[in-house]
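J.: Okay, here's the structure, questions in a sec.
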Amino acid sequence: MSIQIVNVSKQFGAFTALKDINLTVPTGELVALLGPSGSGKTTLLRIIAGLETADQGTILFNGEDTSNTNVQQRRVGFVFQHYALFRHMTVSENIAFGLNVRPRSLRPSKKEIQERVYELLSLVKLEGLANRYPAQLSGGQRQRVALARALAVQPQMLLLDEPFGALDAKVRKELRRWLRQLHDELHITSVFVTHDQEEALDVADRIVILNKGQIEQLGTPEEVYEHPKNPFVYDFLGNVNLFQGRIHKGRVTIGCIELDAPEYAHTLDTQAVSFVRPYNIEIEREPQGQEFIPARILFIRAVGPVVHLELKREDTGELVEVELGKERFGQLNLKAGENVFVKPKDLKIFIPEDYVI
Ligand SMILES: Nc1ncnc2c1ncn2[C@@H]1O[C@H](COP(=O)(O)OP(=O)(O)OP(=O)(O)O)[C@@H](O)[C@H]1O
């Protein structure tokens, strides 16, 4: 089932939670709503579900206005962060719940329900745990039961609100990979709320980046990560260094270095901020020409394949974060307290008047 959100706005008193949201989710797509706390992710999900009404705008399912359909009629499966399973019911009873409470005329037979429960247990890889109670499960297993329960009623769409939010990092990672595989098998249109950028990048077909109730950018994980549309998205999706400088006729000057900025060929002497990812900063022991900024190494974390360094620029005193491969780090043989030279590359330049973070 496709979802179309057209000009949706929502106020809570004087507070604008959503402002003129437009978004289409084609059938079978998994979309992540990503944004900081309070950006409106849950409100948008609840409006799609029919748990909340929009002040303005419409939600269409398969092209049909949903204004007059209630939550039950929308055939939506939910999974929340703290999806309270029924404590007094076993895993299989929990999964069967949605089918057992159907009116007699719509309820499948006992045998059919049992078969469906076993199918779902195998889908969520919990075959051996059918007779356990929720208290006898780990957090990750409980969330898988919650997902099986949501799927039992054969929903046309799945809405997930931080479903792995309460779990530890390792389990989260396993479960999101598993969710992606499950989605590839079932192709149920899914909307997934998260404030974890890595989770969104890992799982989603497309990511909607929300900020203060508005969409900042919409695109595939690669598009939003590699081509952030504005400083907010750049900053939100991963670590970034900011270099203040000036643009003049296609050249940007940052401290003592000057680099090409062809997209600003016609800009005259204007203040600009360059965004650079930590892995796009080179370190040299000796300045190579004029194009390097002197800096002192404050801190080195050399655990794992990527070495993280924190440096302080000698010219402005600003901090610079750098990530180096182990091999390059070994070649340079760097130590904290040493003076080196840094050079940013692959800069993304924004002119401050054009944006507000
Ligand atoms: N029923 C309500 N009454 C008043 N304000 C509300 C209500 N529901 C949400 N809000 C406000 O609307 C804003 C958006 O809330 P929402 O829960 O959609 O954000 P979110 O992006 O999901 O945040 P989080 O990641 O913290 O869950 C918040 O500032 C919140 O306080």
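J.: Against the condition in contact with a helix residue (DSSP H, G or I) (Cβ under 7 Å, 6 or more places away or on another chain), assigned by TED's automatic domain parsing to the domain that holds ARG87 and of a type in the set (A, V, I, L, M), how does LEU121 come out, does it pass?
T.: yes
J.: Out of (1) within 16 Å of the ligand (Cβ to nearest atom); (2) modelled with pLDDT of 85 or more, what's the single condition that is false for THR66?
T.: (1)
J.: Select from the stretch 250-267 the residues that are closer than 19 Å to GLY317 by Cα and either of a type in the set (A, V, I, L, M, F, W, C) or exposed (fewer than 13 other Cβ atoms within 10 Å of the Cβ) (or both) and list them in ascending order.
T.: Scanning the stretch 250-267 gives ILE254, CYS256, ILE257.
J.: Give the stretch 172-191 a look and list any residue that's within 16 Å of the ligand (Cβ to nearest atom) and in contact with an Asp or Glu (Cβ under 8 Å, 6 or more places away or on another chain), or say none.
T.: If the condition is that a residue be within 16 Å of the ligand (Cβ to nearest atom) and in contact with an Asp or Glu (Cβ under 8 Å, 6 or more places away or on another chain), then ARG172 is the only one that fits.
J.: All but one of (1) within 16 Å of the ligand (Cβ to nearest atom); (2) over 16 Å from the mean Cα position of the chain (by Cα); (3) of a type in the set (S, T, N, Q); (4) surrounded by 15 or more Cβ atoms within 10 Å (Cβ to Cβ) hold for THR53, so report the exception by its number.
T.: In the conditions (1) within 16 Å of the ligand (Cβ to nearest atom); (2) over 16 Å from the mean Cα position of the chain (by Cα); (3) of a type in the set (S, T, N, Q); (4) surrounded by 15 or more Cβ atoms within 10 Å (Cβ to Cβ), THR53 misses (4) alone.
J.: Read through the list (1) farther than 20 Å from MET157 by Cα; (2) within 16 Å of the ligand (Cβ to nearest atom), then give the number of the only condition that VAL31 fails.
T.: The number of the failed condition is (1).
J.: Which residues, counting only those in the stretch 136-166, are farther than 27 Å from ARG107 by Cα and over 23 Å from the mean Cα position of the chain (by Cα)?
T.: GLN136, LEU137, SER138
J.: Write out, first by first residue and then by second, each pair whose Cβ atoms fall under 8 Å of each other, whose residues are 6+ apart or on separate chains, and whose first residue, in the stretch 320-331, is more than 21 Å from PHE275 (Cβ to Cβ) while the second is loosely packed, with under 12 Cβ neighbours inside 10 Å and modelled with pLDDT under 95.
T.: Filtered contacts from the stretch 320-331: GLY325/PRO305; LYS326/PRO305.
J.: Could you check how many residues of the stretch 239-248 are out of contact with any helix residue (DSSP H, G or I) (no Cβ under 8 Å at 6 or more places or on another chain) and surrounded by fewer than 18 Cβ atoms within 10 Å (Cβ to Cβ)?
T.: 4
J.: Next question. Under 6 Å by Cβ, and 6 or more places apart or on different chains, what pairs join a residue from the stretch 188-204 that is touching a residue at least 60 places away in the same chain (Cβ under 8 Å) with one that is crowded, with 24+ Cβ neighbours inside 10 Å and in a helix (DSSP H, G or I)?
T.: Listed by first residue and then by second, the contacts come to VAL193/LYS41; THR194/ALA200.
The values are calculated or read from the model by the stated rules, or taken from the named source; none is laboratory data. In this text the structure is predicted, and so the values were computed from the model without any measurement. Virtual Cβ from ideal backbone geometry, glycine too; neighbours counted across all protein chains shown.
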